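Notes follow the structure.
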Amino acid sequence: MKKPYQLIIFDWDGTLMDSVGRIVSSMQATAQELQLPVPTEVAVRDIIGLSLQPAIERLFGRLDEAQHTQFLDVYRDQYVQLDPTPTPLFPHVPEMLVKLKEQGVRLAVATGKARRGLDRVWQETGIGDLFDYSRCADETESKPSPKMLFELVEEAGCQVQDALMIGDSIHDLRMAQAAQMDRMGVDFGVHSAAQLQVFEPLQVLSSWQSFAEQVKAVRAQAIHWSKGEHA
């Protein structure tokens, strides 16, 4: 980590929540129900992070309006109600976020989920109150457009160079690179460390266990230098 960021922006699916398995199985079940070609696991993993419309187009081509509406309805039912695949938070996520808040770091989410979906998982997990800002795919342009990052830093009243984006997919890191924002990856989501390294992240994490302590150390060092204690 390079500096004491004012704002840390997290992706959600595959970064904070272990929801990739349910997304894959729900997408495959939806395709089967609607008699569309069933995509492979790899194909579905590659679209996670995008908003649903471009994700659907990548997997199935352009659907007409009626088909698209039906797809959204069936997929929502599959993901929310029918698919039994667990979607826990990754280990150490709640305590990591609490420690960051205690250090005075502001937190945000930039996600391919719709607002309704993010609100639902915030309520289910009980951690929504830890985030100061959020942008969802139905509120702005889909990743990898950097627009949601620009909107978040503007809302936070800081500059791009004051923020850090963390995500598990190439769409997250490509978005941050386009915004010229510092970025980090995690290797326990949809894309491997090798795939993420293409976008020059500061680091690729393998767990959340020590991340808050890493942030704390950088912030403490910055305070030390600002007080002239290095002299």
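The values are calculated or read from the model by the stated rules, or taken from the named source; none is laboratory data. Keep in mind it's a predicted model, so treat the numbers as computed, not measured. Heads up, the Cβs are rebuilt from the backbone with ideal geometry, glycines too, and the neighbour counts pull from every protein chain shown. When the accessible area is computed, the model is the full protein with side chains, heavy atoms only, and any ligands, DNA or RNA have been set aside. Shrake-Rupley method; radii C 1.70, N 1.55, O 1.52, S 1.80 Å.
Annotations
- When each of the peptides 107-113, 85-91 is scored by the mean number of other C-beta atoms lying within 10 Å of its residues, the order from highest to lowest reads 107-113, 85-91.
- Close amide H partners of S19, meaning residues 5 or more places away or on another chain with modelled amide H under 5 Å apart, are G14.
- Projected onto their three principal axes, the Cα atoms of segment 48-91 cover extents of 39, 20, 12 Å, largest first.
- DSSP assigns beta bridges within the chain; of those with both partners inside it, close to 5 percent run antiparallel.
- Whole-number percent relative contact order across segment 48-130, with pairs defined as alpha carbons under 8 Å at least 6 apart: 43 percent
- For segment 137-231: rounded, prolate or oblate by the Cα gyration tensor [a/c cutoff 1.5]: oblate
- Highest mean packing first, where packing is the average number of other Cβ atoms within 10 Å per residue, the peptides 159-167, 195-203 line up as 159-167, 195-203.
- Table column - 3J(HN,Hα) (Hz), segment 175-184, Karplus curve with 6.51, -1.76, 1.60, x for Gly and Pro: 4, 5, 4, 5, 7, 6, 9, 4, 8, 9
- Å² per residue, accessible surface of the chain at 1.4 Å: 47 Å²
- For the chain, a simple Cβ point-charge model (Lys and Arg +1, Asp and Glu -1, everything else neutral) yields a dipole of about 580 debye relative to the Cα centre.
- Percent carbon-and-sulfur accessible area, segment 77-179, ignoring ligands, DNA and RNA, probe 1.4 Å: 49 percent
- Alpha carbon Rg of segment 6-118, scaled by the compact-globule rule 2.2 N^0.38 Å: 1.20
- The alpha carbon radius of gyration of segment 175-225, expressed as a multiple of 2.2 N^0.38 Å, is 1.32.
- Length-normalised contact order of segment 128-231 in % [C-alpha pairs under 8 Å, at least 6 apart]: 18 percent
- Heavy-atom accessible surface of segment 23-66: percent carbon and sulfur, 1.4 Å: 47 percent
- Solvent-free Debye scattering, log10 I(q)/I(0), computed from the Cα coordinates of the chain at q = 0.12, 0.15, 0.17 Å⁻¹: -0.65, -0.99, -1.25
- Between helix 65-77 and the chain: long-axis angle, C-alpha atoms, 0 to 90°, nearest 10: 70 degrees
- In degrees, nearest ten, helix 147-156 long axis to first principal axis of the chain (Cα): 40 degrees
- Tilt relative to the chain, helix 211-226 - C-alpha long axis, 0 to 90 degrees, to 10: 30 degrees
- Over segment 82-172: Rg over Rh, Cα atoms, Kirkwood Rh: 0.96
- Each of the peptides 94-105, 175-186, 42-53 was scored by the mean count of other Cβ atoms within 10 Å over its residues; in descending order, highest first, they stand as 175-186, 42-53, 94-105.
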